[in-house]
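Only one structure is covered here, and it is reproduced in the block below.
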Amino acid sequence: PQPWKSPFSNWPIPCLRPSKGKSRQQWMEQCQGLPSTAPGEDAQGRGMTQTLGLASLESAVPPHPTPPHPITPSFHSPRYSSPLDERGIYPERISQGSSGSYFVKDPQGKIIGVFKPKNEEPYGHLNPKWTKWLQKLCCPCCFGRDCLVLNQGYLSEAGASLVDQKLELNIVPRTKVVYLASETFNYSAIDRVKSRGKRLALEKVPKVGQRFNRIGLPPKVGSFQLFVEGYKDADYWLRRFEAEPLPENTNRQLLLQFERLVVLDYIIRNTDRGNDNWLIKYDCPLDSAGVRDSDWVVVKEPIIKLAAIDNGLAFPLKHPDSWRAYPFYWAWLPQAKIPFSQEIKDLILPKISDPNFVKDLEEDLYELFKKDPGFDRGQFHKQIAVMRGQILNLTQALKDGKSPLHLVQMPPVIVETARSHQRTASESYTQSFQSRKPFFTWW
């Protein structure tokens, strides 16, 4: 096998020295490829880590249909602030869910994405939703999911998008790791006091205030997912389709899209997939009653698409084996009883059957996950071992012509890298079955 080449190897890395007349801050911004700011421009509360506004996010995070590119998010990429706050356009907290997540808007007030900060996740210390705090206080034995790495939901969101693009499924809205700062985010009282103090110092003593690296609130790291329009909860449309059956061709489209959702969820072992956190967009054909008097009527086929959102509780380090099984709720749908189509086999099997492809996928996930301050190599290897087992089961199910329902009934497998004292050109793996089952099983 050829040596793995980092997706960042072709990126230009400027090697600059501070020229005369340039401040250290301007030189650092030039090295990072950011627009140069004069020293006095920090007076608006934008520090070195806050030079790019939300108005640039649509260009920074390309729309979904564009050709894929190396999207392994980097924690050293430009960080985004929110100068839109000064115009009164604030990110809006989403009332649903058990964590702090926000609708991000452009200068026109249109929603362009969903931002989920790391420290406001369900088990983050700044989660503004009190339900998880109450659960931790009153029932600590049932707090959290022991099969997941806590406080890495934002990496799981970005990782699901990475897997989606590598497999060419195109059902996950483009997701990246970014830094954002806004007054509407949940900050500690100390951070807000420090921010007000720095602003006051800048107003009263500008020479002192200009020495601060950052004037405003500290940026938060989290996942930024492009907002998809025209979609509704799958549960809504599935109920409609029971009462009003779809045309044959449209139902075929729905089945093909559903199979892509199954492949994604199974590979990343999503532990939180209900029928309320994946979306369906159904464009019904226009009523042609107004053109019945003409000799020819153009009838358009309905278009149906799926979007897999809320992927923050995936990539477990072991299969669920304690209290709950965290099932895939799509397994009870009638579409899950139909064997996998030839289209999904032709799309997925050549990729997941190739050891080099799987290895590249693992290395891309490693480059993403290792940037987290709490990254643990041992836990990551366990996550990859679970993913390898899922890929092994999926490969066998596709070859045997099984259905999604039969797929989820296959025994969970873990494929670990075999430890060897001798150096070999290729890695060897050991396969094991998980015998312990959750207390509440779903089959």
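The values are calculated or read from the model by the stated rules, or taken from the named source; none is laboratory data. In this text, all values refer to a predicted model and were calculated from it rather than measured experimentally. No Cβ is skipped: glycine too gets one built from the backbone with ideal geometry, and neighbour counts run over all protein chains shown.
Observations, loosely collected:
- Within region 274-315, tally of residues that are at pLDDT 60 or above and part of a loop (DSSP other than H, G, I, E, B): 16
- Extreme residue, surrounded by the fewest Cβ atoms within 10 Å (Cβ to Cβ), among residues of region 115-129 that are part of a loop (DSSP other than H, G, I, E, B) and touching a residue at least 60 places away in the same chain (Cβ under 8 Å): Leu126
- Filter result (of a type in the set (A, V, I, L, M, F, W, C) and in contact with a Leu (Cβ under 6 Å, 6 or more places away or on another chain)) within region 164-203: Leu169, Ile171, Ala181
- Failed item in (1) under 21 Å from Ser432 (Cα atoms); (2) out of contact with any strand residue (DSSP E or B) (no Cβ under 6 Å at 6 or more places or on another chain); (3) at pLDDT 95 or above, with Lys351 passing the rest: (1)
- The single condition among (1) farther than 21 Å from Asp164 by Cα; (2) over 25 Å from the mean Cα position of the chain (by Cα); (3) not in a loop (DSSP other than H, G, I, E, B) that Lys402 does not meet is (3).
For (1) over 28 Å from Gln390 (Cβ atoms); (2) surrounded by fewer than 18 Cβ atoms within 10 Å (Cβ to Cβ); (3) modelled with pLDDT of 75 or more; (4) among the basic types (Lys, Arg), each residue gets a yes or a no:
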{"site": "Thr131", "(1), (2), (3), (4)": "yes, yes, no, no"}
{"site": "Phe143", "(1), (2), (3), (4)": "no, yes, no, no"}
{"site": "Asp146", "(1), (2), (3), (4)": "no, yes, yes, no"}
{"site": "Tyr154", "(1), (2), (3), (4)": "no, no, yes, no"}
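- Complete set of residues in region 72-114 that are loosely packed, with under 14 Cβ neighbours inside 10 Å and at pLDDT below 70: His76, Glu86, Arg87
- In region 349-376, the residue that is farthest from Asn151 (Cα to Cα) out of those that are charged (D, E, K, R) and in a helix (DSSP H, G or I) is Lys351.
- Taken together, the residues in region 238-250 that are surrounded by 15 or more Cβ atoms within 10 Å (Cβ to Cβ) and under 13 Å from Pro334 (Cα atoms) amount to 2.
- Every test in (1) modelled with pLDDT under 95; (2) more than 25 Å from the chain's Cα centre (by Cα) is passed by Ile338 save one, and that test is (1).
For every residue, the table says whether it meets (1) crowded, with 19+ Cβ neighbours inside 10 Å; (2) of a type in the set (Asp, Glu).
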| position | (1), (2) |
| --- | --- |
| Ile348 | yes, no |
| Ile352 | yes, no |
| Glu367 | no, yes |
| Gly378 | no, no |
| Met410 | no, no |
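- Flag for Asp346 being at negative phi and in a helix (DSSP H, G or I): yes
- The number of residues in region 115-127 that are of a type in the set (Lys, Arg) and modelled with pLDDT under 90 comes to 0.
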